[in-house]
Amino acid sequence: MAASLDAEGFASTLAYDPRGSGAGIRSFADRFSSHGNALMAGSFGMIGASILARLPLTLDNLTPVARLTTEYAVAAVRPDSPYVSLRSFLTALKTDPGAILFGGGTVGTVDHILAAMIARQAGLKAGQLRYKSIIGGTGAIDAVLQGEFTCVLGGLSELQPRLALGQLRALAVSAPQRLPGIAIPTFLEQGAPIELANWRGVFAPPGIDAPRLAHLTALTDRMVTGATWKAMLFRYNWTGDYLAGPGFGAFVRSETSRVRVLLAELGL
C-alpha cells in the first residue's frame, strides 16, 4: 500500500503503524487519536486476537476507511506426508488427535480459527486441538518442513511460492469454489463444510472529523484504481475486494459480531 500510494504522490501525507497484533489497536488509537493523516492496516485476524486477549478495543473502535483485499487460507503438509488427501488427514486427526500439531499465525487469526474448524470437522473437542502459533508465515512454513508441525495453515499468498516449488502439498483451500489458476481443491468439494476468508483493510484513528475521513477515503479510492496497486494484487495473489465508506463500517461491525459467535461455537 505504501508503494502504491507513493506512486500516486500521496505517501508523504501518511503515517504507518506496522504492528498487527490486537495490542497494536490500542497503541495506534493512543498515538494517533483524532489525527487525520494516519492509517493502520487491519484484518479479520485482529478481531479474533483482540477478543481472545480480552482487550478493551477491537477494530470497530477505530474509524473504518476501506476494505482492500480478501484472501483464503490453505492447509498444507510436507510433500512426503502420509496424508495424501483431506479425508486421510481428517481420519488420522480423529483417530489420534495428539499426533497432529497445527502451525500458523497468532491465536485468534484465520489460521487458528481454521485449525479449530478442521478439528471440529474431525469430531474433536476444543481442548483436543494442538496448535502452535508462530509470528510470520515463513516461520510456520519452515517448522512444518522441519517436521515440527504436521500441518501448516496460512494465506494462499504466503504458501503459494512453496507450493509451486513442490516444498509443500496442499490439502484444501478455504474458498467457496476453486480459485482461478490455482489447482487446490476446496474443503467444500471434499465434503467438509468449511469456508473462511481473511480480509484486509485500513483504519483511521478514532475521533477524526468528516473532512479528514473523506480525504483518507479519497486516497484509497484513487490508490485502488492505480496500476501499481493492481500489480501488487497480481504479485501477491490477492483478490481485490474494495469497500469504502459506511458500508465498510457496517461490515466491520458485522464481522466483529460474527467472530465472537464463531469463537464461542469453536470453544475458543
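So with the 1.4 Å probe, I'd like the accessible area per residue for the range 91-142, rounded to whole Å².
Here the per-residue accessible area is 43 Å².
Within 10 Å, count the other beta carbons around each residue, average over each peptide in 256-263, 34-41, and list them highest first.
For the peptides 256-263, 34-41, the packing ranking is 34-41, 256-263.
Relative contact order for the chain: what is it in percent, counting Cα pairs under 8 Å that are at least 6 residues apart?
Numbers: 483 pairs, mean separation 85.0, N = 268.
In percent, rounded to a whole number, it is 32.
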How compact is the chain by the rule of thumb for globular proteins, expressed as Cα Rg over 2.2 N^0.38 Å? 1.03
When ranked by the protection proxy of mean other Cβ atoms within 10 Å per residue, highest first, what sequence do the peptides 102-108, 232-238, 182-188 form? 102-108, 182-188, 232-238
So what's the projected area for the range 147-219, the Cα convex hull averaged over all directions, in nm²? 8.4
Binning at 5 Å from 0, report for the range 23-69 what percent of all alpha-carbon pair distances ends up in each bin. 4, 20, 35, 23, 14, 3
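How large is the translational diffusion coefficient of the range 17-112 in µm² per second when you combine the Kirkwood radius over alpha carbon pairs with Stokes-Einstein at 4 °C and 1.567 mPa s?
Details: Rh = 16.0 Å.
Taking Rh from Cα pairs, D becomes 81 µm²/s.
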Report, by chain and number, residues whose modeled amide H sits under 5 Å from the one on residue 130, excluding near sequence neighbours (fewer than 5 apart, same chain). 102
The chain - mean residue ellipticity at 222 nm from DSSP helices (-39,500 (n - 2.57) per run, n ≥ 4, rounded to 500): -12500 deg cm²/dmol
Average the reciprocal distances over every distinct pair of alpha-carbons in the range 69-123, invert the result, and give the Kirkwood radius in Å. 12.1
Could you give the dipole magnitude of the chain about its Cα centre, charging the beta-carbon of Lys and Arg +1 and that of Asp and Glu -1, in debye to the nearest 20? 380
Using a simple spin-label model with points 7 Å from Cα along the Cα→Cβ vector, what separation in nm is obtained for residue 209 and residue 266? 4.2
Mind running the shape call on the range 159-268? Use the C-alpha gyration tensor, a ≥ b ≥ c as the square roots of the eigenvalues: rounded below 1.5 for a/c, prolate if a/b tops b/c, oblate otherwise. oblate
Accessible area per residue of the range 26-84 at 1.4 Å probe, in Å²? 37
Along the charge dipole of the chain, which of 231, 163, 88 sits closest to the positive end, that is, farthest toward it, with unit charges on the beta carbon of Lys, Arg, Asp and Glu (+1, +1, -1, -1)? 88
How much accessible surface does residue 228 have with a 1.4 Å probe, in Å² rounded to 10? 50
Here the Kirkwood hydrodynamic radius of the range 82-207, Cα-based and in Å, equals 15.2
So the carbon and sulfur contribution to the accessible area of the chain, 1.4 Å probe, in percent, is 54
Please check: in the Gaussian network model of the chain (C-alpha springs, under 10 Å), which one of 91, 109, 217 has the largest mean-square fluctuation. 91
For Cα pairs less than 8 Å apart in space and 6+ apart in sequence, what is the mean separation divided by the residue count of the range 1-132, i.e. the relative contact order in percent? 21
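The values are calculated or read from the model by the stated rules, or taken from the named source; none is laboratory data. Just so it is clear, the structure is predicted and the values come from calculations on it, not from any experiment. No Cβ is skipped: glycine too gets one built from the backbone with ideal geometry, and neighbour counts run over all protein chains shown. All accessible areas refer to the heavy atoms of the entire protein, side chains included, with ligands and DNA or RNA removed. Shrake-Rupley method; radii C 1.70, N 1.55, O 1.52, S 1.80 Å.
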